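Engineer: The structure under discussion is supplied below as structure tokens; questions concerning it will follow.
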Amino acid sequence: MTIETGPRQFERLALPHLDAAYNLARWLTRNDSDAEDVVQDAYLRAYKYFASFRGENFRAWLLAVVRRAAYDWMHRNRPAEIVSNADMDLEAVAGEAEDNPETALLRRADANLVNEMIAALPVPFREVVVLRELQELSYKEIAEIAGVPVGTVMSRLARARALLTTDGKRRLKEYGHG
């Protein structure tokens with residue numbers, strides 16, 4: 001299905017997702033000003049390549065552009081953060097949670113602590129938590145945005161949730177992410 005690709009059509013489709021785009025960029029960069037720069041770059045890219053959008057799921061397509069712009073920005077401005085996340089031993093930090101991590105988190109944490117803990121997650125885990133829990137996207141949509149299989153999304157989300165427990169917070173600090 002091909003859709004009209006003019007400026008008004010882009011505006012009609014893109015503007016409703018501006019908050020979601022900013023939120024994703026903000027969580028990935030951890031900085032308001034940097035997030036604004038990323039979103040501006042992402043919207044310029046999205047407009048430039050709007051003709052390649054095929055009408056399936058504009059929100060997922062746009063958030064994939066925002067994600068790529070954020071990673072590009074981080075590679076240019078914070079390469080150590082990207083490298084350290086890629087080298088991290090994911091199995092070592094996953095751990096076993098005795099309780100449901102979401103239930104334990106809701107029982108023990110207030111909103112500020114939750115935000116701090118999410119911000120301390122390595123980027124690949126942080127992005128799936130933000131896309132799933134805050135943007136309420138499906139696993140399939142997250143997989144499309146991140147360019148990974150659905151199983152990888154599920155694995156990252158499970159590991160992120162394990163890190164969001166009290167024991168996980170200690171592990172994040174051990175790995176220099178907290």
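Nothing in this text is a laboratory measurement; each read-out follows from the coordinates by a stated rule. A quick note: this is a predicted structure, and the numbers were derived from the prediction, not measured.
Engineer: Contour minus end-to-end for LEU18 and GLU36, with contour as 0.36 nm per residue of separation and end-to-end as the Cα-Cα distance?
Structural biologist: Separation in residues times 0.36 nm, less the Cα-Cα distance, equals 5.4 nm.
Engineer: Which ³J(HN,Hα) values, rounded to whole Hz and listed in residue order, are derived for the range 127-136 from phi using the Karplus coefficients 6.51, -1.76 and 1.60 in 6.51 cos²θ - 1.76 cosθ + 1.60 with θ = phi - 60°, glycine and proline given as x?
Structural biologist: Each residue's phi maps through the Karplus curve to give 5, 5, 5, 4, 5, 7, 7, 9, 8, 6 Hz.
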